[in-house]
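What follows is a short report on a single structure.
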């Protein structure tokens, strides 16, 4: 096949308007690219979600590239300086929705595989590429279901590299070898509707909800540990009121999320939250979102391969981190795989005028290729 550079690949990926959960044929392009390299292609579709499993080889060990083709909505397009779905080069800065999160990482993965295979060196093991269009959304029909399929078939992943944008100030300065867990919910507090002039005849659920939110936000859940920052709590949305200024509403609602350290557990956090709610409200209910478990990969084969590859390509070593949001690595890690996340700078993700440095993509592609060589090249492993 024609040897495509990483920017050519990214240009095609950005042109797909794959706003979650829709893929807009982005994975079809990737599948065609990988099929030409000898990969066996398999799609798993659930409602509007598209998942791709591509595999080259049948032997162990297995290296998996994991990522997502879906992107968040653009917001007001008029606020963009460029067309968000057309890759635009301005002084070697590449603009477009998904350039950092995470089509830039996918383009580098594709390019690195192409270069790795083109050298025709003797290798061991297999390469698997797992992509979903359900990472930015609920994440219930994406990688988690692919992992279920692989587990049912007895397919094992040894090392997993996730292309999420982990870099902070310069490419490769931070890699994620773990992530905190995620616990979210919608809290609904019920009161008694009434006239604001007769508060003794009403029960204001907004006041009760405010006291609950205040105590939850000031609670010290744990102290964190050597590898993870402490658990945090945030309210993300509040809804209440009738729209009238003279009516005490009958109910109020808040959405919240905790990012939790492994020193805390989902069940313990739920129990503590419900206990605090009971102190301030007689009538409430919580609709819990699916629990995202924390994970951690201790220094070992994969961490060393990634760290050394970054050092070779950039001259500096990365910092190991477990902070930030969640990723689909949380679905891979429980299978026993070592999981590390490495990708472009994250400073403009989900923002207007999302951007990535063209030079960073070349460097990242080289890093990914070096990781493959360290893990699968017979000369490296002899």
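Assorted remarks:
- Matching residues, region 216-231, being closer than 22 Å to residue 255 by Cα and assigned to a loop (DSSP other than H, G, I, E, B): 219, 220, 221, 222, 230, 231
- Lone qualifier among 372, 376 - being surrounded by 14 or more Cβ atoms within 10 Å (Cβ to Cβ) and in contact with a helix residue (DSSP H, G or I) (Cβ under 7 Å, 6 or more places away or on another chain): 372
- One residue alone among 104, 67, 98 is closer than 15 Å to residue 30 by Cβ, modelled with pLDDT of 95 or more and in a loop (DSSP other than H, G, I, E, B), and that residue is 98.
- Candidates 344, 262, 267 - the one that is modelled with pLDDT under 95 and either more than 24 Å from residue 181 (Cβ to Cβ) or under 24 Å from the mean Cα position of the chain (by Cα) (or both): 262
- Number of residues in region 138-164 that are part of a loop (DSSP other than H, G, I, E, B), in contact with a strand residue (DSSP E or B) (Cβ under 7 Å, 6 or more places away or on another chain) and closer than 20 Å to residue 101 by Cβ: the value is 4.
- Hits in region 75-95 - residues which are more than 18 Å from residue 346 (Cβ to Cβ) and part of a loop (DSSP other than H, G, I, E, B): 76, 80, 81, 82, 83, 85, 86, 87, 91, 92
- Subset of region 258-285 [surrounded by fewer than 17 Cβ atoms within 10 Å (Cβ to Cβ) and within 27 Å of residue 135 (Cα to Cα)]: 263, 265, 267, 268, 270
- Screening residue 46 on (1) touching a residue at least 60 places away in the same chain (Cβ under 8 Å); (2) surrounded by fewer than 18 Cβ atoms within 10 Å (Cβ to Cβ); (3) closer than 24 Å to residue 368 by Cβ; (4) in contact with a helix residue (DSSP H, G or I) (Cβ under 9 Å, 6 or more places away or on another chain) shows it passes everything except condition (3).
- The residues of region 323-332 that are crowded, with 21+ Cβ neighbours inside 10 Å and either in contact with a strand residue (DSSP E or B) (Cβ under 7 Å, 6 or more places away or on another chain) or under 30 Å from residue 93 (Cα atoms) (or both), listed by number, are 327, 328, 329, 330, 332.
- The one condition in (1) within 25 Å of residue 137 (Cα to Cα); (2) at pLDDT 95 or above that residue 291 fails to fulfil: (2)
- Exactly one residue among 276, 206 is over 21 Å from residue 183 (Cα atoms) and either more than 27 Å from the chain's Cα centre (by Cα) or at pLDDT below 95 (or both), and that residue is 206.
- Residue count, region 202-219 (criterion: crowded, with 20+ Cβ neighbours inside 10 Å and in contact with a helix residue (DSSP H, G or I) (Cβ under 7 Å, 6 or more places away or on another chain)): 3
- Residue count for region 259-291, restricted to those that are within 24 Å of residue 319 (Cα to Cα) and touching a helix residue (DSSP H, G or I) at 6+ places or on another chain (Cβ under 8 Å): 1.
- Out of 58, 69, sole residue that is more than 22 Å from residue 363 (Cβ to Cβ) and buried (at least 24 other Cβ atoms within 10 Å of the Cβ): 69
- Flag if residue 301 is touching a residue at least 40 places away in the same chain (Cβ under 8 Å), in contact with a strand residue (DSSP E or B) (Cβ under 9 Å, 6 or more places away or on another chain), more than 19 Å from residue 142 (Cα to Cα) and surrounded by fewer than 18 Cβ atoms within 10 Å (Cβ to Cβ): yes
- Here residue 259 does not qualify as in contact (Cβ under 8 Å) with a residue 60 or more places away in the chain and either part of a helix (DSSP H, G or I) or outside the structural domain of residue 185 (by TED's automatic domain parsing) (or both).
- Of all residues in region 130-144, exactly one satisfies the criterion of being in contact with a helix residue (DSSP H, G or I) (Cβ under 9 Å, 6 or more places away or on another chain) and surrounded by fewer than 21 Cβ atoms within 10 Å (Cβ to Cβ), namely 144.
- Against the list (1) in contact with a strand residue (DSSP E or B) (Cβ under 8 Å, 6 or more places away or on another chain); (2) farther than 17 Å from residue 163 by Cβ, the condition residue 68 fails is (2).
The values are calculated or read from the model by the stated rules, or taken from the named source; none is laboratory data. For clarity, every value in this text was computed on a predicted model and none was experimentally measured. No Cβ is skipped: glycine too gets one built from the backbone with ideal geometry, and neighbour counts run over all protein chains shown.
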